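I have a structure here, written as C-alpha cells, and I will follow up with some questions on it.
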Amino acid sequence: MSILSKIQNPQDVKKLDASELPELAREIRNEIIDVTSQKGGHVSPNLGLVELSIALHRVFETPKDKILFDVSHQCYTHKLLTGRNNENFRNLRQTGGISGFCNRGESCHDAFGAGHAGTAASAALGLAAARDRMGGSESVVAVLGDAALTNGVTFEAFNNIGQTTKKMIVVLNDNEMSIARNVGAIAKYLNEVITNPTYNRLYSDMDAFLKNIPLGETIAKLADRVAHNTKSFILPSSFFEYFGMYYLGPIDGHDIPLLEKYLEYCKKATFPVLLHILTKKGKGLDAAVRNPEKFHGATPYNIITGESISNGDSSVPNYQDVMGKALLKFAKDDKKIVGITAAMASGTGLSFIKKELPAQFFDVGIAEEHAAIFAAGMACNGMTPVVAMYSTFMQRAYDCAMHDVCLQKLPVTFCLDRAGLSPNDGATHHGVFDISFLRPLPNAVIMQPSNEDELADMLWTSIRSGKPCFIRYPRGKGEGVKIKDQPEELEIGKAQVLSESDGKITIWALGNMVKEAKAAAEIIEKAHGIKVGVVNARFVKPLDSSLLLKHADENKLIVTIEDHVKSGGFGTAVAEELIDNNKSCALKIIGWPDKFIPHGTNVACLREQFNLGTQQITDSIIESAKKQKIL
C-alpha cells in the first residue's frame, strides 16, 4: 500500500516518520504527472512545490492555520494532503472534479480562493490583521512565487506589513520563472542574492551549525542574531527588511527536514518573516524541466516524450497563433508596431514576434496595469503598441484602459485571448465580462471575429485605425477558414449580413456564436419552413445602427447571441439602441447567465449545462417566436 493512499487529512502527514517523506514526495509527483498527462493542468508549478507543501502541513495545522498560495495554480500537493486524494483529484479540472485552484467552497483547508497573481500577500495580511483584532493565535502563511514580485499589488501589501501585524510568514518560492522566465530588476536582485559567493559560504556555515542544534527558543534567538548579522554584513540594504519583514534564506526548497526547521522558526517568530526558498520548476518530469513554460499550463501530454496529445485537427491553428503570426507579419513591415505582454508570450501568441523581432517585443512581467500604461506612453511617442493578454486579466488593467488610453484617444490595440470560456480553469479565468466593462468607455472600439481570417482583418483594421481598440476572441482552434495573403481593412462599425430573413426572425450573433446562429437558423428553417436571417455583428462598439434599425423594422423578432454574460453585453447594447429609437419589435438576448461559471471538461459540456448548446439555443428562439405568434 502506498504512503499517499493512507493520507486522508493533514494529521496523517504529521504522523509519518521523516524517513517516509521522500517516498511520499515521489508518489505525489507520480500522481500529479499521471493525472495531468490525461487531464492537462499546471504541471511545472506543482512539481516544484511538493516538498514545501509537505513541510507546511507537517509544521502548521490547517484549517486553523491559514496557508495561502499566490495564484494557487501550485496547490495540487496541498489538495492531495487535505482530503482530496481520491476520485475528485483524478478528475482534476473536469466536470464534477475539483478545481485546479484553491476554492473556499471546495474545502475548509483552502483559506483563500485565487486565480490571479499578486493576491496572496494582501489577503494574508488581511487574515493576520483580523486575527490580531480578534485575539487569535493562528499562523498565516502566504506562499508567493517569485513572479508575484513583478505584480504591483504584492508591493502594496508589503508596504503595509510592518505597520499592520507582528506575526505573518511569507514564503518566497524562487524558481526564476513565472510562466516564462522572469524579467526586470526584481529578478536581477534575487539572482544576486542567490549567487553571492560570500553570502552563500557564510550562510552554508550557519546552516550546518543550525542543523546540529535542537529546535527551541535558544536556536530561534541564535538564528535570529546570526542570520541578521550575516546578511547585514553582505547585504547591508536588504530589500525585504525595508518592508518590515525579517529575511531568511535562500534555502533548498526540496529539503524537507531543512524546510521544517526554518518553518518552525518562522512559526515562533514574533515579527513578520520572509523565507526565501529555491526550487526547480518541473522537478520530477524531465520534459517539464527542459520546457517549464510549455508545462506551466499544459494540455494532455505523453509522459515520456512530453509531446502534447493531439486535440482535434492539427492543421487548424489556434486563435492565439493566428494573432501572433499576423502581428509578426505586420510588424516586419512597420517598425513602429510593437507587441507587449504580461509574462504570457507563449499563451498569447507573442512568442513569434519575440523570437524574430525581439527589439519590437516587450515582456513587462505579471503587471497588466503597467502593460496598459506603458503602451499608452509608447503610443504618445508615435509607436503602434499591441497589448496581448487574456480577457480575464484585462479586468486588472481596466482603470488604465479607461484613463490612460481611451480618455487620451491613444492608438493602442488590446488583443483579448480566452474571451468566453477557459473551461478547465473555471470562474477565475473565464473571459465573459469584458464587453460589459469595456462598452461604457468613450472612444473605444470593440470587435470580435467569427473566424481566424477575420481576426487577421480586425488586427490590421485596429492597427490602421489610430483608435483605442479591443479585439476579443476565444481560446482554442479557429474555424478552419483560410487566411488571406493580404488582410482586409474593415469598415469600423459595419456588420456582415450572412443571410436575409423572410420578415420574421433575424439573429445577430457575435464572434464564435455566428456558427451557432447559422446552425439554429438552418434547424428552424427545416422544421418550420421560415427563412431566418443571420448577421455577423463584428462590432459591439460602434454597433451597425443603421442595419440594426432596418432589421427591427423588417422583423418581428431580433435575437442576439454572444459568448458573454447577458448583463451589459452585446445584447444589452442592441436593446439600448432599439429602445432609444422607439422600435417595437421583440428582442431575445442569449448569453451566459448572471453567475460565475464553474470549471468543466470542455466548452461543449458547460454550454449544455447553461442552456447554450446548439439545440438549446434553437429551442429558446422557437419559444420566443411562439410567444410572438411567429410560429
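Read-outs throughout are calculated quantities, based only on the coordinates presented, and are distinct from any laboratory measurement. It should be emphasised that the depicted structure is a prediction, and the values quoted were computed from it without experimental measurement. For neighbour counting, all protein chains shown are included, and Cβ atoms are generated from backbone atoms with ideal geometry for every residue, glycine included.
For E61, what is the net charge nearby, where nearby means another residue's Cβ is under 11 Å from its Cβ and Lys, Arg count +1, Asp, Glu -1?
On the way: positive: K14, R58, K64, K66, K267; negative: D65, E138.
Charge balance in the 11 Å sphere: +3.
For the residue pair T164 and D580, what label-to-label distance in nm results when each label sits 7 Å from Cα along the Cα-to-beta-carbon direction?
Result for the modelled spin labels: 4.2 nm.
Let me ask another. Given only helices, namely DSSP H runs of n ≥ 4 each adding -39500 (n - 2.57), what is the per-residue ellipticity at 222 nm of the chain, to the nearest 500 deg cm²/dmol? Working shown, then result.
Working: 25 runs with 257 residues, N = 631.
One gets -12000 deg cm²/dmol as the mean residue ellipticity at 222 nm.
If you don't mind, there's one more thing I want to ask. How large is the dipole of the chain about the Cα centre if only Lys and Arg carry +1 and Asp and Glu carry -1, each at its Cβ, rounded to the nearest 20 debye?
Details: 69 positive and 72 negative charges, 92 e Å.
Taking the Cα centre of the chain as origin, the dipole is about 440 debye.
Please give the peptides 567-577, 614-624 ranked by average Cβ packing (other Cβ atoms within 10 Å per residue), highest first, as a rough proxy for protection.
Numbers: 567-577: 20.5, 614-624: 17.5.
My ranking of the peptides, most packed first, is 567-577, 614-624.
Once label points are set 7 Å from the Cα along Cα→Cβ at both S19 and D399, what is their separation, rounded to one decimal in nm?
Each label point lies 7 Å from its Cα, and together they span 5.7 nm.
Using +1 at the C-beta of Lys and Arg and -1 at the C-beta of Asp and Glu, which of G282, N103, A375 has the Cα lying farthest in the positive direction of the dipole of the chain?
Projecting each Cα onto the dipole axis, the largest value belongs to N103.
Further, regarding this structure: Could you rank the peptides 273-279, 413-419, 251-257 by their average count of other C-beta atoms within 10 Å per residue, with the highest value first? Before the final figure, lay out the partial values.
On the way: 273-279: 23.6, 413-419: 27.9, 251-257: 18.1.
Descending packing order for the listed peptides: 413-419, 273-279, 251-257.
Same structure again: In nm, what is the difference between 0.36 nm times the number of residues separating E61 and T305 and their Cα-Cα distance?
Values: separation 244, 0.36 × 244 = 87.84 nm, distance 3.90 nm.
Using 0.36 nm per residue and subtracting the Cα-Cα distance, I get 83.9 nm.
Where does helix 197-211 land angle-wise versus the long Cα axis of the chain, in degrees 0 to 90, nearest 10?
Rounded to the nearest ten degrees, it is 60.
Work out how much length Q408 to Q609 would gain on full extension: take 0.36 nm times their residue separation and subtract the Cα-Cα distance, in nm to one decimal.
Working: separation 201, 0.36 × 201 = 72.36 nm, distance 4.22 nm.
Length gained between Q408 and Q609: 68.1 nm.
Oh, and also: Label D619 and K268 with points 7 Å out from Cα along Cα→Cβ: what is the distance between them in nm?
6.5 nm
In which sequence would Y262, Y76 go, from the one with the fewest C-beta neighbours within 10 Å to the one with the most? It would help to have the intermediate numbers written out before the result.
Details: Y262 24, Y76 28.
Going from sparsest to densest Cβ surroundings: Y262, Y76.
Could I ask something else about it? If each residue's Cβ is checked for other Cβ atoms within 10 Å, how do V143, V316 rank with the fewest at the top? Let's see the in-between values first.
On the way: V143 27, V316 14.
Ranked by crowding around the Cβ, least crowded first: V316, V143.
In addition: Counting only DSSP beta bridges with both residues in the stretch 496-627, tell me the antiparallel percent, nearest 5. Working shown, then result.
On the way: 3 of 18 bridges.
Counting DSSP beta bridges with both partners in the stretch 496-627, the antiparallel share is about 15 percent.
While we're looking at this one, here's another question. Given Cβ point charges of +1 (Lys, Arg) and -1 (Asp, Glu) and nothing else, what value in debye, to the nearest 20, does the dipole of the stretch 1-54 about its Cα centre take? Could you put the intermediate results ahead of the total?
Working: 6 positive and 8 negative charges, 28 e Å.
Once rounded to the nearest 20, the dipole reads 140 debye.
Report, in debye and to the nearest 20, how large the dipole of the stretch 265-381 comes out about its Cα centre when Lys and Arg carry +1 and Asp and Glu carry -1 on their Cβ. Mind showing how you got there, number by number?
Working: 14 positive and 11 negative charges, 100 e Å.
The dipole of the stretch 265-381 has a size of about 480 debye.
What is the list of residues in the stretch 43-67 whose amide nitrogen lies under 18 Å from a point 7 angstrom out from the Cα of N9, following Cα to Cβ?
57-67
Along the positive direction of the dipole of the chain (beta-carbon charges: Lys, Arg +1; Asp, Glu -1; about the Cα centre), which of P449, A148, I32 reaches farthest?
A148
Oh, and also: Rank by packing, highest mean first: peptides 148-155, 516-523, 486-493, 22-29, with packing defined as the count of other Cβ atoms within 10 Å averaged across residues.
Top of the packing list down: 148-155, 516-523, 22-29, 486-493.
Here's another thing I want to ask about it. From the list [x] 35.8; [y] 27.6; [z] 30.3, can you say which value of mean projected area of the Cα convex hull in nm² was derived from the structure given?
Read-out from the structure maps to [z].
Take M245, M513 and order them by how many other Cβ atoms sit within 10 Å, fewest up front. Intermediate values should be presented prior to the final figure.
Working: M245 22, M513 28.
The order, fewest Cβ neighbours first, is M245, M513.
Could you tell me which residue out of G347, A401, Y473 lies farthest along the dipole of the chain toward its positive end? Charges go on the beta carbon: Lys and Arg +1, Asp and Glu -1, centred on the Cα centre.
The one lying farthest along the dipole's positive direction is A401.
Please check which bits of the stretch 438-470 a label hung off C380 would reach, taking the label as a point 7 Å along Cα-to-C-beta and the cut-off as backbone N under 20 Å.
The answer is 442-444, 466-469, whose backbone nitrogens lie closer than 20 Å to the label point.
As I understand it, the value is the acute angle between the Cα axis of helix 120-134 and the longest principal axis of the Cα atoms of the chain; what does it come to in degrees, rounded to 10?
60 degrees
How big is the antiparallel share of DSSP beta bridges in the chain, given as a percent to the nearest 5? Let's see the in-between values first.
Working: 10 of 66 bridges.
If we restrict to bridges inside the chain, about 15 percent are antiparallel.
Which lysines have a Cα less than 17 Å from the Cα of K14, not counting those fewer than 8 places away in the same chain?
K6, K64, K66, K79, K261, K267
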